[in-house]
Each structure stands twice: as C-alpha cells, then as structure tokens.
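Single-structure report; data block below.
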Amino acid sequence: MTDPHHDDLVSGGVPLIYCPISPAVHPLADVVNRHAVDWMRQRGLCPDSQAVSRLEQLNCGALVARLFPYGNLKALETIAKFHCWGFVMDDIVERQARVSLPAVTDQHFGMVRMLDAPECGVLAEDAFAQAFREIHDEFAELAAPGVHARWIDMNRSFAAGVLWAAVHRHAGLVPDPDVVTTIRPMDSGAFGYGIGLMELAGGFEVPAAELNRPDVRRLTDITAVILAWDNDIYSYQKEVEQDVDCVNLVTSLAEHHGQDRRTALAHAIRMRNQAMWCYLRHRRQLVPSGGVLDCYLRGLDHQIRGNLDWGLRATRRYATVDAPALVMWERPTGELNGDSLDEPIDLPSIRWWWEGSR
C-alpha cells in the first residue's frame, strides 16, 4: 500500500478504510477485561462456560481501553462492565425481536423508568435489569451531575433506537440507507456507550453551551455516524451468517440499490471514508483552546480510531471464515481507492455536514 490513488483494492475489491487518526490504548486493558468478565459471571449473566468464553473472545477491555485511553481505572472498569452487559443484551434483543416485540419493548422502557426513578421496583426479578441498575448507580457516583444527566438522556435515545430497529427486524423489513443512518447512531450505542461516557472516563465536564455550539454538534454527529457505519462494516459478514443483518448499512445499500453484497460493502466503505474526510475537515477548523473542550474533541478522535482498531484487530466477535480482509489507510489524503473523498454524501439526514464547508 504505497499509493492511495491506485485503484488496486485489497481482498477482492474491498476498498481501504480511511483513518489517519493516531491509535492509543490504555495500558490496563487486560485488567479491565478480566474484571468485567468476572462481574458478568458473578451476576449470573453468563450461564455456562461457553458464554464466558464468548465474553473473553469479545475482549471488551480492549475496546474500552481504545475508546477511552485517557480514562481512570475505576471508570474504565465500570464502562467495561456496561459494554459486556450491552453486547450480551444486544444478542438477546436481536433474537427476541422476531418472536416477541412487546417483551423487548417492556424490558427496555422498564429500564428507562429505572433511570427516571432509580428507587422504583420495576423489573425486580430481571437479572439484566438489576445489573443495569448497578451500573447506573456506579456511573452516578463517578460522574458530575450534568454529565450523568446527559448520559441518561442518551440512554433514552438508545432505548428508542433499539425498539425502532426491533420493529424492522420483527417485520423482516430492510430500511433505506437514510433511515439506517438515522437509526444506527441511536441503537448502536455510539452515544450511550461511547461519546456520552468520555467525560465520565476522563473526569471532566464540558459546559452545555460548548457542546451545543453548531461546529461541535456537527463533529459529534459525524462521529456517531462513523461509529455506527464502521460497526456495520466490520460486523456485516457475521450478521449475514446469523440472519440479523436487516438493520445494517451494507444490507440496506444492497437492498435499495440492487447491489450484490461485495459491491454494497465497497459502497459502504466509500461512504464512511467520505464521512471521515468531512470529520477531519471540520476538526482542523476547531482551534485548540487549552480547556475541557479540547479533551472532548480528542475524545471524539479516540472514539473513531479506537472502535475501528478493536473491530478490525482486537476482537474475535466478528471472526468468520468468509469475512473479507478489511485494511486501514492511515496517512492523510484527499483521494483513496480511486475516489475523491471530499464529495458530499447525498443522504438528507447528513447532508448538512457539508453545508457552508466547501
């Protein structure tokens, strides 16, 4: 890979993935992972040795250590428990949505009720809900009140996204790419499991006025979509094999553009590369101030690179015999795989990213 302009794509026509953000990882990733797996087992959320093995192969500690390489140990341990819990819940929801949509709805909005009124007795016999209550209580102790309140709001949005996706799975419908791009940042956990925990992990708090600046909101939104799309890309083959891929950008492109799977995967990667270029363009325009906003912006960088590194290099969750080799291009460029990266993506939900930026 010496020339990014050369259209010599890897793995049978799969484009390179553009990510010139430097990698970083917390040195205690293994400690964090062992703590999270032990906690899941102690809470009865791993019913057998196979479930424990799957969690160990998932390697949540490696994910959290890459998403939050600056985090303090106590925060990372709690965040890793949350991620382990979330991945197991995600697998359950994907299966259950096709059988009983009301059961999925009752459980998730019951947990939203727990966030609104932690003292309530809802879902008292549900082991997963009570584990979530424990995680919530630890986050409440670790985070400043404003940070904790933002995380709660993001979890309300997450619950809505999970149910939105579950409706499509229950009906066996593949939403179009713009709808997928709206759903996935919500139900992928990009906010509640990632962006919304950056302040908690690092022990800082960004004033709401700073977070609500148009330029910061745009970067946050781009980050969430990139996180969701990257997850769709590296999990796609495994989701196809498990028949849970209907709410996935690649599946949506194949369905609504009449593309075969490999062509749709290439299309999805090109879209995320355009989003990556757009992110970097706006990121460069934000002048460092030396304050907590700089910590937040660096946190967004870590979210993008850390999620991608974990999905491609640090977990076996998505390993399959037929999975294509996905390779990153890590140096800045304006062209890749024979494509110009500065072209806007023509989806109504994200077209605003490029407005006023040309």
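The values are calculated or read from the model by the stated rules, or taken from the named source; none is laboratory data. This structure is a prediction, so every number in the text was calculated from the model and none was measured. In this analysis, Cβ positions are derived from the backbone assuming ideal geometry, glycine residues included, and neighbour counts consider all displayed protein chains.
Restricting Trp352, Trp277 to residues that are at negative phi, assigned to a helix (DSSP H, G or I) and over 19 Å from the mean Cα position of the chain (by Cα) narrows the list to Trp352. The sole residue among Val216, Val206 that is more than 23 Å from Ile79 (Cα to Cα) and either at pLDDT 95 or above or assigned to a helix (DSSP H, G or I) (or both) is Val216. Only a single item in (1) in contact with a Ser or Thr (Cβ under 8 Å, 6 or more places away or on another chain); (2) over 24 Å from Asp178 (Cβ atoms); (3) outside any loop (DSSP other than H, G, I, E, B) is not met by Trp310, and it is number (1).
For Met328, state whether it is in contact with a strand residue (DSSP E or B) (Cβ under 9 Å, 6 or more places away or on another chain), surrounded by fewer than 19 Cβ atoms within 10 Å (Cβ to Cβ) and touching a residue at least 60 places away in the same chain (Cβ under 8 Å). For Met328, the condition - in contact with a strand residue (DSSP E or B) (Cβ under 9 Å, 6 or more places away or on another chain), surrounded by fewer than 19 Cβ atoms within 10 Å (Cβ to Cβ) and touching a residue at least 60 places away in the same chain (Cβ under 8 Å) - is met. Among the residues of the range 5-48, the ones that are closer than 30 Å to Pro332 by Cβ and either surrounded by fewer than 18 Cβ atoms within 10 Å (Cβ to Cβ) or at pLDDT 95 or above (or both) come to 23 in all. Just to be sure before I move on: is Ile269 at pLDDT 95 or above, crowded, with 21+ Cβ neighbours inside 10 Å and under 29 Å from Gly71 (Cβ atoms) in the structure I sent? When the stated conditions are applied, Ile269 does not pass them.
In the range 123-148, the residues that are of a type in the set (Asp, Glu) never reach a residue that is assigned to a loop (DSSP other than H, G, I, E, B) and crowded, with 18+ Cβ neighbours inside 10 Å with C-beta atoms less than 7 angstrom apart, at least six apart or across chains. Among the residues of the range 68-86, at least one is of a type in the set (Asp, Glu), in a helix (DSSP H, G or I) and within 19 Å of the chain's Cα centre (by Cα).
Within the range 79-126, count every residue that is more than 25 Å from Lys238 (Cα to Cα) and acidic (Asp, Glu). The total comes to 5. Considering the range 96-105 alone, what residues qualify as being loosely packed, with under 14 Cβ neighbours inside 10 Å and either of a type outside the set (Gly, Ala, Ser) or modelled with pLDDT of 95 or more (or both)? Passing the criteria: Val99, Pro102. When the test is whether a residue is in a helix (DSSP H, G or I) and in contact with a strand residue (DSSP E or B) (Cβ under 8 Å, 6 or more places away or on another chain), Ile226 does not pass it.
When every residue of the range 117-137 is checked against the conditions, at least one turns out to be farther than 25 Å from Arg54 by Cα, over 17 Å from the mean Cα position of the chain (by Cα) and not in a loop (DSSP other than H, G, I, E, B).
May I ask you to verify whether Arg184 is buried (at least 20 other Cβ atoms within 10 Å of the Cβ) and among the basic types (Lys, Arg)? Judged against the criteria, Arg184 is a match.
Counting the residues of the range 247-265 that are buried (at least 21 other Cβ atoms within 10 Å of the Cβ) and either assigned to a helix (DSSP H, G or I) or among the hydrophobic types (A, V, I, L, M, F, W, C) (or both) gives 9. Here Arg98 meets each of (1) assigned to a helix (DSSP H, G or I); (2) charged (D, E, K, R); (3) in contact (Cβ under 8 Å) with a residue 60 or more places away in the chain with one exception, condition (1). Among the residues making up the range 331-358, a single one is surrounded by fewer than 10 Cβ atoms within 10 Å (Cβ to Cβ) and in contact with a helix residue (DSSP H, G or I) (Cβ under 6 Å, 6 or more places away or on another chain): Pro348.
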